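The next block holds one structure in the form of structure tokens; read it before the comments.
A short reminder: the numbers here are calculations on the coordinates, not readings from a lab. This is a predicted model, so every value here is computed, not measured. Quick reminder, even Gly has a Cβ in these numbers, built from the backbone with ideal geometry, and neighbours come from all protein chains shown.
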Amino acid sequence: MKTAAQTTFPERVGRTLGRLWRGLMRLDRKANGWLVAQGMAPGVARAVLLVTTLVALGLLLYVSHPGRSYGLL
């Protein structure tokens, strides 16, 4: 008889995604702290990070759209 229950694949995926999310939030807090340490107001630093995140997400979605030629080369 098994003494410990095996972790299922969905549980492993969920834990991995949770660790990834926590890591990203930790980086966000570090960046926010760095901007505040550079003399930026906390609200402005938060807004800068939010805009940066939205631009990066938009860029990823734009580039990942299939079937488009971007004329980059």
Exercise. How big is the charge dipole of the chain about its Cα centre, in debye rounded to the nearest 20, if each Lys and Arg gets +1 on its Cβ and each Asp and Glu gets -1 on its Cβ?
Worked result: 280
Exercise. Between the helical axis of 9-37 and the dominant principal axis of the chain, each derived from Cα atoms, what acute angle in degrees is found, rounded to the nearest 10?
Worked result: 30
For this session: Please build a GNM for the chain, connecting alpha carbons under 10 Å apart, and tell me which residue among Leu57, Leu49, Leu35 fluctuates the most.
Result: Leu57
Problem set entry | Charge dipole (the chain, unit charges on Cβ, about Cα centre) - positive-most of Ala31, Ala47, Gly58 | Ala31
For this session: Per DSSP H run of at least 4 residues, take -39500 (n - 2.57); add these up for the chain, divide by its residues and hand me the 222 nm value, nearest 500 deg cm²/dmol.
Result: -25500 deg cm²/dmol
